[in-house]
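To start, the structure itself, in structure tokens.
Values quoted throughout were computed directly from the atomic coordinates according to the rules given, and no laboratory measurement underlies them. Because the structure is a prediction, the values reported are computed rather than measured. FYI the Cβ positions are ideal-geometry reconstructions off the backbone, even for glycines, and counts take in every protein chain you see.
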């Protein structure tokens, strides 16, 4: 099997007409059909938690998983940067999104994210969605974090997201002096 420029697989295809004539096309484009009932195993970063899911649902976890499912329809897919809690959330999204059309998936992502507090793992879900390339969840989580930090001070944002400063007190004071306009002074 060869790959065309757009990533579409191609193969040598032999076609037999009704009168028995054989026709061969070397560059015929072939769509890989993954059986919808095939099972895919998704393994979280701890290597322990394994979810067995239908390929149809697993593909909705994110583009990274979708491409892996296309390549190996009944494989075990390790998601090394996705913690068990976030993998469970990604699968919750995928299961709900499997029952709606493309525009409805944005609403599914928004409802999943709306129910979460920023400090209860939304930033972890944002990172996981980015890792697996799940655009609807990434957009919804980014929007939710943006809403949560709007109007907050730097220290409030650090506290909310559990971030430590990588600057000394003196360096922070210098930045505040140089950018007083940004700190409301």
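Some observations on this one:
- Inter-label distance, residue 182 to residue 41: 4.8 nm, where each label sits 7 Å from its Cα along the C-beta direction.
- Cα gyration tensor shape for the range 73-148, rounded if a/c is under 1.5, else prolate or oblate: oblate
- Residue exposure sequence - 166, 124, 117 - by fewest surrounding Cβ within 10 Å: 166, 117, 124
- Whether the range 47-88 is rounded, prolate or oblate, judged on the alpha carbon gyration tensor where a/c under 1.5 counts as rounded: prolate
- The mean sequence separation of alpha-carbon pairs under 8 Å and at least six residues apart, normalised by the residue count of the range 32-149, gives a relative contact order of 25 percent.
- Whether the range 38-185 is rounded, prolate or oblate, judged on the alpha carbon gyration tensor where a/c under 1.5 counts as rounded: prolate
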